[in-house]
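Colleague: The structure follows.
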Amino acid sequence: MSQDDASLEARLEEQEAFEPPESFVEQANVTDPGIYDEFEENWPECWEHAADLLSWDDEYDTVLEDGNAPFYEWFTGGRLNASYNCLDRHVEDGAGDSTAIEWEGELGETRTYSYAELLDEVGDFAATLRNLGVDEDDVVTLYMPMIPELPIAMLACARIGAPHSVVFAGFSADALATRMNSADSEYLVTCDGYYRRGDALDHISKTNEGLEGVDHEVSDVVVVDRLGDDLKHDLGDNQHDYDELVADHEGSSVEPVSRDAEDMLFLMYTSGTTGQPKGVKHTTGGYLAYTAWTSHAVLDIEADDTYWCSADIGWITGHSYIVYGPMALGTTTVMYEGTPDYPDKDRLWEIVERNEVDIFYTAPTAIRAFMKWGSEYPDQHDLSSLRLLGTVGEPINPRAWKWYYTNIGDEACPIVDTWWQTETGGMMITTLPGVNIMKPGSAGPPLPGIDARVVDAQGEEVEAGQAGYVTVNNPWPGMLRTLYNNDERFINEYWQEYSDEEADKWVYFPEDGAKIDDDGYITILGRVDDVINVSGHRLGTMEIESAVVGVEGVAEAAVVGGEHEVKGEAVYVYAIPEDGYEPTDDLQERVVDGVLDSIGPIAKPEDVIFTPELPKTRSGKIMRRLLEDIASGNDLGNTSTLRNPEVVDDIADQVSSD
Ligand code: PRX
């Protein structure tokens, strides 16, 4: 730790609350504390504020249709097009020359798209897709990294009413196949590769391997040539080069298809407690209104801002807060292809300085890495353009919060710690930066119009200071509508725990633990299901377990999250070798490879621990809590209630000797 960091820590250590800086409040989009009461008193009509940020082809008749709860519908009767809202209307309003996307490749090349140029690109690709035979409601899979063709493809899909399903480029071939199979998706847009730490990374071979696992016919695959001569690739029979296809449609304009507010805008797969990922369905009207509203009220975005969310578009954060929300507001959104430490650890701050970024939104795991690297990296750059900072994806510890506040924000930028999920579509629990004080480590109160509570196992609200579970007691426009083709799982996963079906009272259960304080500020404690959060990325332990037991020589496995200084949580695998197999380095490597093949590098185990037995309760349930404690190096307490207490010491010895 540098001298500066140490004195900073000493100065701010005791401070538990921070006022929003005056300079920020003076210009903020939302400053009236009365907004909380106004939304509560006028619920659900308050959500017209969100809908008013959009241009509708046909006005909606009803704000909320709750006759078939929990299959809620929002802005029913309304019609609109998301790509029109993110592009055409800004051009029609005279902002065609404003920058829409400021893109930077890892090697340093840049591409700037004005709103008018982006509209042209989207029009051309929409015509291309249509010419390939993509119809309204066909799901198009986009398996792409952070290159401009990804948001172009998303908006092109939205333009012709074809829902997209973006698969994070870091996911494995198997993960691609699973998602294409689940969505019955017959079209794929991908690329030859991309750059990571200066190296050309082959993506097309992984794509082709994934396609072999698709169990239906894939009509067409469009391949962006990102790497040129750095990676030569051949195209298969139904594969087309992006540029060549688009060249045939240059100058085409495709009228945006008017979509019903409730029509699907996209599908996003996320991990759950079973091995099968969940296809979260988001709609056109409610989702777009909600992301635009939260971009306006929480991220304080204005059209003339330069805004940067450093997430990957392959996750929900990128969908909502790189593409749809910011672009609906006509702002400049920054996209960066690569890693934050290439060529050096000041890369992000160099991008902030050069682009005069006003608003920066990232994950606590990144902040913890910046903190570890030291303040000399941000100190090399002028970050005074920044006005607001945000975090998302996992709990932020107060120390990391304070480091971010001081070293990046220079104590002049509020921080919004935004709690939400793939399923919620947009932010749910966070301070409004022009209204509330900030408490490091605590996300804040629920947003206006959001009835989030912290309850006990019976659904009663807990006292201040007590731990409980987050619930959301009223619907909201950005909510998921169902799980794709699986209404039953939708009800079971999210609504069963706390709802009173007889009384038609529906309560959404996000499966997060939390505490609430006397001011109604909610501190998120983490997932309470078998889902772990690695570097802000959600992974299902069951998915990883099924990859591990798929490895030859493994009889049984348990996967848990253990505490990790930078990643928040890391993956720990406990595995029992099959009879006749030894716990060798080779088996260990094959377990790691099995996880990489089935999910991807984000799920790479921190450690694989072989054991002849897993700790089990007398009824035979694996004691996951105990395995988590071992992985985190916590005190194990009393283990005598186990069926096999002796195994615990053996495992703990192995972990601590690693
Ligand atoms: O546990 C919560 C955590 O991330 C989960 C949602 O993961 P995902 O659907 O992948 O979406 C991540 C980006 C929105 C939540 O159930 N989480 C998200 N934001 C926060 C958080 N935990 C604490 N504080 C947050 N601000």
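Colleague: Magnitude of the Cβ-charge dipole of the stretch 61-204, K/R +1 and D/E -1, about the Cα centre, nearest 20 debye?
Modeller: Roughly 240 debye for the stretch 61-204.
Colleague: Quick check for me: using +1 on Lys/Arg Cβ and -1 on Asp/Glu Cβ, what's the dipole size of the stretch 168-312 about its Cα centre, in debye to the nearest 20?
Modeller: 800
Colleague: Report, to the nearest whole %, how much of the accessible area of the chain belongs to carbon and sulfur atoms, 1.4 Å probe, protein only.
Modeller: The C+S portion of the solvent-accessible surface of the chain is 40 percent.
Colleague: How long are the semi-axes of the ellipsoid equivalent to the stretch 462-590, from square roots of 5 times the Cα gyration tensor eigenvalues, in whole Å, largest first?
Modeller: Equivalent ellipsoid of the stretch 462-590: 36, 20, 12 Å, largest first.
Colleague: Using a simple charge model, +1 on the beta-carbon of Lys and Arg, -1 on the beta-carbon of Asp and Glu, nothing else, what dipole does the chain show about its Cα centre, in debye to the nearest 20?
Modeller: 1000
Colleague: What lysines sit close enough to Lys281 to cross-link, taking a C-alpha to C-alpha distance under 25 Å and skipping anything fewer than 8 places away on the same chain?
Modeller: Within the straight-line limit of under 25 Å, Lys281 reaches these lysines: Lys505.
Colleague: Using per-residue counts of other Cβ atoms within 10 Å, averaged over each peptide, order 55-66, 523-534 from highest down.
Modeller: With the highest mean Cβ count within 10 Å placed first, the list reads 523-534, 55-66.
Colleague: For the stretch 531-657, what does the equivalent ellipsoid look like in terms of its semi-axes, each the square root of 5 times an eigenvalue of the Cα gyration tensor, given largest first in whole Å?
Modeller: Result for the stretch 531-657: semi-axes of 21, 18, 13 Å.
Colleague: Find which of Thr274, Gly318, Val548 sits farthest along the positive direction of the dipole of the chain, computed with +1 on the beta-carbon of Lys and Arg, -1 on that of Asp and Glu, about the Cα centre.
Modeller: The residue sitting most towards the positive pole is Val548.
Colleague: Just order 566-574, 293-301, 608-616, 89-97 by mean Cβ neighbour count inside 10 Å, highest at the front, would you?
Modeller: By packing density, highest mean first, the sequence is 293-301, 566-574, 608-616, 89-97.
Colleague: Based on the mean of other Cβ atoms within 10 Å per residue, sort peptides 619-629, 420-430 so the most packed one is first.
Modeller: Per-residue Cβ counts within 10 Å, averaged per peptide and sorted highest first, yield 420-430, 619-629.
Colleague: Using every Cα-Cα pair within the stretch 263-377, state what percent have a distance larger than 18 Å.
Modeller: 57
Colleague: Determine the distance separating the Cα centre of the stretch 49-108 from the Cα centre of the stretch 553-594; give it in Å without decimals.
Modeller: 45
Colleague: Ignoring ligands, DNA and RNA, what accessible area per residue does the chain give at 1.4 Å, in Å²?
Modeller: Accessible area per residue: 38 Å².
Colleague: Counting only protein chains, not ligands or nucleic acids, how are Ser320, Ser23, Ser98 ordered by accessible area (probe 1.4 Å), most first?
Modeller: Output order, biggest surface exposure first: Ser23, Ser98, Ser320.
Colleague: Additional query: What percentages make up the Cα-Cα pair-distance distribution of the chain when the bins are 20 Å wide from 0?
Modeller: Each 20 Å bin holds this share of Cα pairs: 18, 54, 27, 1.
Colleague: Cross-link list Lys402/Lys515; Lys515/Lys567; Lys439/Lys621; Lys278/Lys616: which exceed 31 angstrom alpha carbon to alpha carbon?
Modeller: Table pairs above 31 Å Cα-Cα are Lys439/Lys621.
The values are calculated or read from the model by the stated rules, or taken from the named source; none is laboratory data. Model, not experiment: these values are computed from the prediction. Counting neighbours? That spans all protein chains shown, and the Cβs are built from the backbone with ideal geometry, glycine included. These area figures cover heavy atoms from the full protein model, side chains too; ligands, DNA and RNA do not enter into them. Shrake-Rupley method; radii C 1.70, N 1.55, O 1.52, S 1.80 Å.
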